[in-house]
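Participant: Have a look at this one before I ask anything.
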Amino acid sequence: MQAQPDSFIAPPCFDEIKILYQDNFLLLIEKPSGLLSLSGKNPLNKDSVHFRLVQDFPSATLPHRLDFGTSGIMVVALNKATNGHIGKQFQARSVSKTYTALLHGHLIPNQGCIDFPIAKDAENFPLQKICHETGKPAQSIYKVTERLTQPFASRVVFTPRSGRTHQLRIHSQQIGHPILGCDLYAHDEAFKLASRLLLHASTLEFEHPIYNEKIKGHSVCPF
């Protein structure tokens with residue numbers, strides 16, 4: 001399990017952030033696995049997406065985040081107005097996202113919707129839990145694109161309809177097919193089958209705050 005935030009020290013990440021798109025208002029970047037989105041309270045967790053970017057883009061802010069272990073595409077705002085505009089799109093759920101993941105076992109049927117409400121697990125931070133009384137609605141559309149024998153896994157494309165913390169990780173666990181390499185929700189076998197969390201943010205689509213046109217970003221899955 002992941003340690004408490006004050007004691008957890010992220011190992012060094014030597015992979016670089018890739019800039020996929022850039023204009024005067026925003027960036028589309030590719031975050032490596034094993035890099036925090038924001039610097040932690042512990043000074044040893046200073047390295048992060050935000051910390052690196054402000055060295056070259058001092059006004060950069062993050063309208064959204066990816067988990068430490070998740071790789072893939074992120075949008076970065078380069079001014080306050082852009083951050084607010086994109087942030088409202090995330091709140092309105094008008095931003096389209098897809099993720100690629102390797103799930104333990106062979107998932108059947110080939111496609112479907114995982115629908116379980118998610119709440120914070122106050123007794124087991126930073127875990128989330130499924131709770132039909134206090135949880136917030138969460139839906140994850142999935143489609144199996146490949147079934148593998150080595151490792152014994154299913155390649156899945158997720159299209160989340162909501163953006164709850166750890167949503168895809170806990171939803172995968174709940175249907176009995178945890179994401180490989182997941183330190184929080186996978187059983188030992190699934191965790192040991194990968195050296196990292198095999199979850200990648202593949203696509204991101206939103207409205208450009210100035211140009212009023214759809215921006216469609218894509219990041220090639222590394223696994």
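Participant: In the stretch 196-217, how many residues are under 14 Å from the mean Cα position of the chain (by Cα) and outside any loop (DSSP other than H, G, I, E, B)?
Facilitator: 6
Participant: Applying the selection to the stretch 183-195, what residues are part of a loop (DSSP other than H, G, I, E, B) and either surrounded by fewer than 19 Cβ atoms within 10 Å (Cβ to Cβ) or in contact with a strand residue (DSSP E or B) (Cβ under 8 Å, 6 or more places away or on another chain) (or both)?
Facilitator: Those that are part of a loop (DSSP other than H, G, I, E, B) and either surrounded by fewer than 19 Cβ atoms within 10 Å (Cβ to Cβ) or in contact with a strand residue (DSSP E or B) (Cβ under 8 Å, 6 or more places away or on another chain) (or both): 183, 185, 186, 187, 193, 194, 195.
Participant: Here's a follow-up. Just the residues that are touching a residue at least 60 places away in the same chain (Cβ under 8 Å), surrounded by 13 or more Cβ atoms within 10 Å (Cβ to Cβ) and under 29 Å from residue 207 (Cα atoms), please, taken from the stretch 91-118.
Facilitator: 95, 96, 97, 98, 99, 100, 101, 114
Results for (1) in a helix (DSSP H, G or I); (2) touching a residue at least 40 places away in the same chain (Cβ under 8 Å), shown as yes or no for each residue.
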| site | (1), (2) |
| --- | --- |
| 11 | no, no |
| 28 | no, yes |
| 39 | no, no |
| 58 | no, no |
| 63 | no, no |
| 82 | yes, yes |
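Participant: Follow-up. If I ask for residues that are part of a loop (DSSP other than H, G, I, E, B), surrounded by 13 or more Cβ atoms within 10 Å (Cβ to Cβ) and not acidic (Asp, Glu), which ones from the stretch 13-26 would you list?
Facilitator: Across the stretch 13-26, the qualifying residues are 13, 17, 25.
Participant: Name every residue in the stretch 33-42 that is farther than 27 Å from residue 81 by Cα and either at pLDDT 95 or above or buried (at least 17 other Cβ atoms within 10 Å of the Cβ) (or both), in order of residue number.
Facilitator: 33, 34
Participant: Of the residues 171, 208, which single one is buried (at least 18 other Cβ atoms within 10 Å of the Cβ), within 30 Å of residue 84 (Cβ to Cβ) and at pLDDT 95 or above?
Facilitator: Just a single option satisfies the conditions, and that option is 171.
The values are calculated or read from the model by the stated rules, or taken from the named source; none is laboratory data. Everything numeric here is computed off the predicted structure, so don't read it as measured data. Virtual Cβ from ideal backbone geometry, glycine too; neighbours counted across all protein chains shown.
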